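J.: Here it is, the structure in full.
The values are calculated or read from the model by the stated rules, or taken from the named source; none is laboratory data. Source: prediction; values computed, not measured. Neighbour counts run over all protein chains shown; Cβ positions are idealised from the backbone, glycine included. All accessible areas refer to the heavy atoms of the entire protein, side chains included, with ligands and DNA or RNA removed. Shrake-Rupley method; radii C 1.70, N 1.55, O 1.52, S 1.80 Å.
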Amino acid sequence: MAAGGVEFSEFVQHLFLGLVQGSFWVLLALGLSIIFGLMGIINFGHGAFYMLGAYVGFTVSDLIFSPFLGPNAGFIVALASVPIVMFALGMVFERYVISRIYNTENERFSGVLIMFGMSIFLPDFVRLLWGRPGKPFNIPPMFQFSLFKTGTLDITAYRSFTIITAAILVALLWVLIYKTNLGMMIRAGTNNNTMVKVLGINVSRIWRLTFGLGIALAGFSGVMIAPLFAVDATMGELILVQTFIVVVVGGMGSFIGPVIGGLILGQLWALTPLVGRTQYVVQNWTGTVIGPDFWEKASDILLFIVMAVILLLRPRGLFGQEGAFD
Amino acid sequence: MPILETKSLSKHFDALVAVDSVDYSVDSGELRSIIGPNGAGKTTFFNMIAGDLLPTSGQVIFDGADVSEVPAHERSHLGIGRTYQITNIFPKLSVLENIRIAAQSRKMTFNLWSTVPSHKELVEKSDQILERINLTEKRDELAGTLAHGEQRYLEIGIALATDPKLLLLDEPTAGMSPEETIQTGEFIKGLADPLTVVLVEHDMEVVLGISDKITVLHNGAFLAEGTVEEVRANAEVQRVYLRE
Amino acid sequence: MSRLDRRKFLKGAGLIGGIVAAQAAPPFLREGLGARPIKWGSIHPTTGPYSTEAFDQVEGVKIAIEDVNKEGGVDGREVKLLFRDDQFKWDQTTTHALDLIDNHRIDFLAGSMVGPEEVRLNEFSRKRKIIYANYPQHIMSTPGNAKKMSPLFFTANTTPYQLCASSLTYIAKNNLGKKIHCVFDDYIWPKMFIPAFEKLTKDFNLTWNANSSVSWVPFPTSMDYSATFPRILKEKPDVVYALNWGQRQVAFVKQAREAGLDKKVKIVLGATEITMPEAAGLGSYEGFNAAMMWHPSLASKYPAAKTLNDKFLARRKRPCSSYGMLAHDLTRLILDTAKETKLYKRRDHFKLAKVLEGKKFQYSKGVCEIRPCDHVCISEVFVMRGKSKAEMKDKFDHIEVIGSSSGEGNTVSCEAKGLKEPASERRA
Ligand SMILES: Nc1ncnc2c1ncn2[C@@H]1O[C@H](COP(=O)(O)OP(=O)(O)OP(=O)(O)O)[C@@H](O)[C@H]1O
Ligand SMILES: [Mg+2]
């Protein structure tokens, strides 16, 4: 089966790749969005904590557990422990750093500056602790196979695993936010923060847990993506920008926004290269044929263009609340 | 025995004197009203009692203790509940959750990770309050979708859920139709005793039938205080207020 | 308690005043009399994405300078390293270069990791007439840049053209296939491989497609090369020629393995460095080929390479990369030549350049020569293969050098570039 010169299997392959990419964006954007919603802090350090998660995962897996449990178990232990470690780290960070700016002048701006500082500090801190070259962190043997063979690019096990894990995580997060007491308070604080304070609810605990949660999500994404990408001190910089695009497009202050935003942009990113492989010839104004190379490169730029269009037409994003930035 | 007292309570915003040395006293179980024209300082006076603003000078004494410097959330725990002139609820939470979160704030130990319907006594308490404010049917709707009048009731419900001894209501009838206003008056009357209620209103007619005593503020200062008849008879009140 | 002697007091005050004044004076005045050290001002991005490589460069420079000093310095003067970190920010490159040249009165300018730094330092060299020791990457070697190149620009780096020539020669000679599909990152360095592709694929009768790329690199991109794989596999090339660097190459290698690309086509990397397989994991480069400027295993072939690598192992706890080696060899070359000729003063730099042009030298690899017309360093280029996990002796032992080529054949000739006279005579 083929449409416009693109085979169905090729289309499915790209859909699959877009789902993987989108899943990571969703997880990261949710963490960013939860922290912003409740605390009003735009977390410029999100990418750095994501990077830290990958490094912690490397240490837990390759240095501590793999040598005597084997790489499979080592990887599972890393996947399970990184969010816990990062959660604790996030809470400690909130307690000893972020909480100092509460009730000061320009507290939100100070928060942004602190997190921006972390995005500069953490990569060099990681280089200091772990050394300067990147760290090897690879797909554990149990995931080194293909689920479906397509003749060209297979539907591989590890990428499928990341999609499923991300989906489960998003579902759990939804239950947490919409069905538990903590979630209710996070939503209340996101909705009307002064009111929560006036009611005499112990907000500091909620804020601490929420910040920890956001950081845990970042760290978990980092360790899960590590086998597919390079583990490097700068790995967070690139993805942070894309995460912001997802949040802007999906909309701040909603749960569904980052989820839909991440999935849509993931598909946009993955399907754009296919345009160049159709039989339809596109020419630019000078008559030159715009070939497949162009469309392969265009997918990343397109994310920015979509963001710009959204900002012009619907500044609050697809599902965002009005006035989220007030 | 007075549950609330203020002693020469003043608030200055730079040169502007919003509240000017007010001495005020409310006994437990009373239903009192404060009236005054726009900008008289009613809300500012409330804000100082509830702790949203700290006084420039003077004292707030609640339940025998000086709370002038106590922050708002602690006063909430001491038993001062309030509503705002501009509706202040959680529009993105359900009606039940709005009440529930307020009820929860009184309970220091509860499991954050447990689901919202757990904790029986909290649910029961919330349901009772919903019954009182007549919103049982709308319990699972988003608060933001309620009609304006219902939202004002919800806000009172939130305040009630914090188990206040003193309830401060800032223009609860603002934006309501005349019929709704009369109903609300009756509803508020039903709240008083054992609760102490202080009500801010623009309009003397609203508070006529329900208040034990009316206080008139003008330009931040205490103009008159007494029963409806006494206040009506007051020549100064006639001059600055009723003739407007 | 003795009375305060007026003369002593004045002396003391004068001394203190002098010290204070000296602290406030510009650095070049502070040294006063005495043998002025020769200052080697070197700018490297030791903060940022290429910090690993930059630290290797600095170490290489340090080792070269320490050794020169141990051997008596240059003309009896000590060589002093003034190292600056430009943090991978080009305005900092400029600021530091200005400070080094004007404030510290350096005798030699050195440094750079990437093109933008090189362009700026080259410009300082041209205008201020100071020898510039360029570590990578010699953008100035491209034909269009010949006029812009400072006549005092020197490098020991192998150019992208040389790297590409050696790997294409390897592909052709070993019959790896006729059809090459390129995955190029879209920025200046990979583009410098294209002229070699255009010429040599014709010579060797190979076909190649223009360029399949993930993105314009300065843009933050997803670094997921997988989206190019379906197309690659559909076109069924014999060889995938990937040109990316640092963490992007690591990501490419991991993704190619994950997708099973390596099982379906031969993968050749345009260039690589020891840090990348190290970051990708044990055996991650197994079966891949790549061109390299140098590799520490050459220590078994060249004694100077062994000395250098041993020093690196002792000081950095890791083998020397080609960045360390290139920085070391070039620093040595310039300082040794300056020592021989005593032409180290700024006013003698053109004379020194004249001596360096055409000079044959050998340190950590086979004999090299600086070609006078464009200062390209004619030197050995190596082809490697990735070892399997079982073959590796330690975590750095990823690579086996399986061949090398050298000579002018790996470059665009001076005639083809239309350059006749030596660069030092080509004054603007
Ligand atoms: N935060 C503030 N900063 C400066 N001035 C203020 C502030 N809050 C209130 N004021 C001023 O203090 C005066 C009293 O205001 P307040 O809101 O207490 O009056 P009010 O009696 O509640 O009026 P209304 O009937 O309109 O609600 C007004 O002149 C108002 O402009
Ligand atoms: Mg008011």
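J.: Could you give the accessible area per residue of the protein assembly as shown, probe 1.4 Å, as a whole number in Å²?
T.: 40
J.: Taking the Cα centre of the protein assembly as shown as origin, work out the dipole magnitude from +1 charges on Lys and Arg Cβ and -1 charges on Asp and Glu Cβ, in debye rounded to 20.
T.: Here the protein assembly as shown has a charge dipole of around 5680 debye.
J.: In whole Å, what are the extents of segment C:287-428 along the principal axes defined by its C-alpha atoms, from largest to smallest?
T.: So the three principal-axis extents are 56, 36, 22 Å.
J.: Can you tell me what share of the DSSP beta bridges in the protein assembly as shown is antiparallel? A percent to the nearest 5 is fine.
T.: 45
J.: Can you give the Kirkwood hydrodynamic radius for chain A, in Å, rounded to one decimal and based on Cα pairs? Write out the running numbers ahead of the final one.
T.: Values: mean 1/r = 0.0479 Å⁻¹.
Averaging 1/r across every pair of different Cα atoms and inverting gives 20.9 Å.
J.: In addition: Report, ordered by chain and residue number, the lysines lying within cross-link reach of C:Lys342, taken as a straight Cα distance under 19 Å and ignoring same-chain residues fewer than 8 apart.
T.: C:Lys39, C:Lys70, C:Lys80, C:Lys129, C:Lys351, C:Lys354, C:Lys359, C:Lys360
J.: Moving to a separate point now. Around A:Pro123, what is the net charge, scoring Lys/Arg as +1 and Asp/Glu as -1 over all other residues with Cβ under 14 Å from its Cβ?
T.: 0
J.: Enter the mean number of other protein chain beta carbons within 10 Å of the beta carbon of each residue in A:293-305, as an integer.
T.: 5
J.: Beta carbons within 10 angstrom, averaged per residue: use that to sort the peptides C:302-313, C:263-274, highest first.
T.: Per-residue mean Cβ counts within 10 Å order the peptides as C:263-274, C:302-313.
J.: Still on this structure, please answer the following. Note down the accessible area of A:Trp269, probe 1.4 Å, to the nearest 10 Å².
T.: The accessible area comes out at roughly 10 Å².
J.: Sticking with this one: log₁₀ I(q)/I(0) of segment A:136-258 at q = 0.09, 0.10 Å⁻¹, via Debye over equal Cα point scatterers, no solvent, to two decimals?
T.: Computed log10 I(q)/I(0) values: -0.37, -0.45.
J.: Give the relative contact order (percent, whole number) for segment C:64-184; include only Cα pairs under 8 Å separated by 6+ residues. Present the calculation step by step, with values, prior to reporting the outcome.
T.: Working: 118 pairs, mean separation 18.8, N = 121.
The value is 16 percent.
J.: Kirkwood Rh, Cα Rg: Rg to Rh for the protein assembly as shown?
T.: 1.11
J.: Nearest 500 deg cm²/dmol is fine: what mean residue ellipticity at 222 nm does chain A get from its DSSP H runs of n ≥ 4 alone, each adding -39,500 (n - 2.57), divided by its residue count?
T.: Helix contribution divided over all residues of chain A: -23000 deg cm²/dmol.
J.: Mind jotting down the three principal axis lengths of chain C based on Cα atoms? Whole angstrom, largest first.
T.: Projected onto its principal axes, the Cα set of chain C covers 96, 53, 42 Å.
J.: Provide a whole-number value for the mean count of partner chain Cβ atoms within 10 Å of the Cβ atoms in peptide C:180-189. Each step should come with its number before you reach the end.
T.: Numbers: counts 0, 0, 1, 1, 1, 0, 3, 0, 0, 0.
For this peptide, the per-residue mean of nearby foreign Cβ atoms is 1.
J.: So what is the calculated 222 nm ellipticity per residue for chain B, using -39500 (n - 2.57) for each DSSP H run with n of 4 or more, over all residues, to the nearest 500 deg cm²/dmol? Numbers along the way, then the final one.
T.: Values: 8 runs with 78 residues, N = 244.
Here the helix-only value at 222 nm equals -9500 deg cm²/dmol.
J.: Go through segment A:171-184 residue by residue and turn each phi into a ³J(HN,Hα) via Karplus (6.51, -1.76, 1.60, θ = phi - 60°); whole Hz please, and just put x for glycine and proline.
T.: 5, 4, 5, 4, 4, 4, 6, 9, 10, 10, 4, 4, x, 4
J.: I'd like the isolated cysteines in chain C, meaning no second cysteine's beta-carbon lies under 4.7 angstrom from theirs.
T.: C:Cys164, C:Cys182, C:Cys320, C:Cys368, C:Cys377
J.: Ordering C:Phe204, C:Phe197 by accessible area with a probe of 1.4 Å, largest first, what comes out?
T.: The most accessible residue leads, giving C:Phe204, C:Phe197.
J.: Would you mind putting C:327-340, C:142-155, C:230-243 in packing order, based on average other-beta-carbon counts within 10 Å, highest first? Before the final figure, lay out each step's value.
T.: Details: C:327-340: 23.8, C:142-155: 19.3, C:230-243: 21.9.
In descending order of packing, they fall as C:327-340, C:230-243, C:142-155.
J.: Are any of the pairs C:Lys236/C:Lys387; C:Lys339/C:Lys417; C:Lys199/C:Lys306; C:Lys147/C:Lys339 more than 27 Å apart by Cα-Cα distance, and if so, which?
T.: Result: C:Lys339/C:Lys417; C:Lys199/C:Lys306; C:Lys147/C:Lys339 exceed 27 Å.
J.: Just the Cα atoms of segment A:190-326, one point each, no solvent: what log10 I(q)/I(0) does Debye give at q = 0.11, 0.13, 0.16, 0.17 Å⁻¹?
T.: The computed values of log10 I(q)/I(0) come out as -0.58, -0.76, -1.02, -1.10.
J.: Now for a separate question. Quick one: give the max-minus-min coordinate of the C-alpha atoms of segment B:109-189 along each principal axis, largest first, in Å.
T.: Taking the Cα atoms of segment B:109-189, the three principal extents are 44, 30, 17 Å.
J.: I've got another one for you. Would you mind calculating the relative contact order of chain A from Cα pairs under 8 angstrom and at least 6 residues apart, reporting the percent as a whole number?
T.: Across chain A, relative contact order equals 33 percent.
J.: Label points 7 Å out from Cα along the Cβ direction at A:Ile164 and B:Glu74: separation in nm?
T.: If labels sit at A:Ile164 and B:Glu74, their model points lie 5.4 nm apart.
J.: Using Cα centres only, tell me the gap between segment A:94-116 and segment C:291-344 in whole Å.
T.: Between the Cα centre of segment A:94-116 and that of segment C:291-344, the gap is 48 Å.
J.: While we're looking at this one, here's another question. For C:Pro116, what charge total do you get from the other residues with a beta carbon under 13 Å from its beta carbon, if Lys and Arg give +1 and Asp and Glu give -1? Write down the numbers at each step before the final one.
T.: On the way: positive: C:Lys89, C:Arg120; negative: C:Asp86, C:Asp91, C:Glu117, C:Glu118, C:Glu123.
Summing Lys and Arg as +1 and Asp and Glu as -1 gives -3.
J.: Sorted by packing (mean other beta-carbon atoms within 10 Å per residue), highest first, where do A:6-14, A:210-218 land?
T.: The densest-packed peptide leads the list: A:210-218, A:6-14.
J.: What distance in nm separates the two pseudo spin-label positions at C:Thr207 and A:Phe145, each 7 Å out from Cα along the beta-carbon direction?
T.: 3.8
J.: In addition: How big is the dipole moment of segment A:166-282 about its Cα centre under a simple scheme where the beta carbon of each Lys and Arg is +1, that of each Asp and Glu is -1, and everything else is neutral? Debye, nearest 20, please.
T.: 420
J.: Right, another one. Using the Karplus curve 6.51 cos²θ - 1.76 cosθ + 1.60 with θ = phi - 60°, what ³J(HN,Hα) values do you get for each residue of segment A:238-254, in whole Hz, with x for Gly and Pro?
T.: Each residue's phi maps through the Karplus curve to give 5, 6, 4, 4, 5, 4, 4, 4, 4, 5, 5, 5, x, x, 6, x, 9 Hz.
J.: Go through segment A:14-29 residue by residue and turn each phi into a ³J(HN,Hα) via Karplus (6.51, -1.76, 1.60, θ = phi - 60°); whole Hz please, and just put x for glycine and proline.
T.: Values, residue by residue: 5, 4, 4, 4, x, 5, 5, 4, x, 4, 5, 4, 4, 4, 5, 5 Hz.
J.: In segment A:20-234, if the dipole is taken from +1 on Lys/Arg beta carbons and -1 on Asp/Glu beta carbons about the Cα centre, which of A:Ile42, A:Leu199, A:Thr210 is farthest to the positive end?
T.: Checking the options against the dipole of segment A:20-234, the answer is A:Leu199.
J.: Here's a follow-up. For C:Ala299, what is the net charge nearby, where nearby means another residue's Cβ is under 10 Å from its Cβ and Lys, Arg count +1, Asp, Glu -1?
T.: With Lys, Arg at +1 and Asp, Glu at -1, the neighbours total +1.
J.: Moving on to the next point. Scan segment A:237-323 for GluC sites (Glu not before Pro) in coil per DSSP, keeping those whose Cβ has at most 11 other Cβ atoms within 10 Å, and list them by number.
T.: Listed in order of number, the matching sites are A:Glu322.
J.: Once you average over the residues of C:256-262, how many Cβ atoms of partner chains fall within 10 Å of each Cβ?
T.: 5
J.: Oh, and also: Count the DSSP beta bridges whose two residues both fall in chain C, then state the antiparallel fraction as a percent rounded to the nearest 5.
T.: 30
J.: How big is the dipole moment of segment A:20-234 about its Cα centre under a simple scheme where the beta carbon of each Lys and Arg is +1, that of each Asp and Glu is -1, and everything else is neutral? Debye, nearest 20, please.
T.: 320
J.: Further, regarding this structure: Between B:Pro55, B:Thr196, B:Ser33, whose Cα lies farthest towards the positive end of the dipole of chain B when Lys and Arg beta carbons carry +1 and Asp and Glu beta carbons carry -1, centred on the Cα centre?
T.: B:Pro55
J.: Also, quick follow-up: With a cut-off of 8 Å between alpha carbons and a minimum separation of six or more residues, what is the relative contact order of segment B:1-135 in percent?
T.: With pairs under 8 Å counted, the relative contact order is 19 percent.
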